[in-house]
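Here the structure is laid out as structure tokens; the discussion comes afterwards.
The values are calculated or read from the model by the stated rules, or taken from the named source; none is laboratory data. This one's a predicted model, so the numbers in the text were calculated from it and none came from an experiment. For neighbour counting, all protein chains shown are included, and Cβ atoms are generated from backbone atoms with ideal geometry for every residue, glycine included.
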Amino acid sequence: MSWPTVSLATKTDLHIGRHVFGMLEKLSLEDIKVDYIVVDPSSASRDLAAIFESWRDGYVDPIGEMTLLSRESALSYFNQMIVQLHDPGAMRCGSCRW
């Protein structure tokens with residue numbers, strides 16, 4: 001199943017990060033910024049790992065059913081990210097476009 005099919009089947013915008021800037025502009029917001037985040041696990045709470053655990057629990061079955069990626073592979077990818085988030089010696093970087 002293709003990603004657009006997954007998006008329709010789950011009623012999920014798989015590209016929300018790309019669309020949210022325009023969505024906010026249409027709401028007449030004027031001071032929209034792009035901020036980059038760095039997660040420093042030595043000072044951050046484990047709440048971020050809990051978010052990924054919730055995503056894992058909610059998404060591995062639909063990913064396995066609706067994409068070419070197996071449930072087991074999706075589970076493995078999520079678990080790898082979660083292990084990194086629990087590791088106080090690891091540093092993660094990401095970006096958000098809002």
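Within segment 23-47, restricting attention to residues that are surrounded by 10 or more Cβ atoms within 10 Å (Cβ to Cβ) and modelled with pLDDT of 80 or more, the residue that is farthest from M66 (Cα to Cα) is L29. A search for C-beta distances below 6 Å between a residue of segment 1-18 that is at pLDDT below 75 and any residue that is assigned to a helix (DSSP H, G or I) and not aromatic (F, W, Y), counting only pairs 6+ apart in sequence or on different chains, returns M1/M66; V6/M66. From the list L68, L75, which one is among the aliphatic types (A, V, I, L, M), under 23 Å from A9 (Cβ atoms), loosely packed, with under 14 Cβ neighbours inside 10 Å and modelled with pLDDT of 80 or more? Answer to the check: L68.
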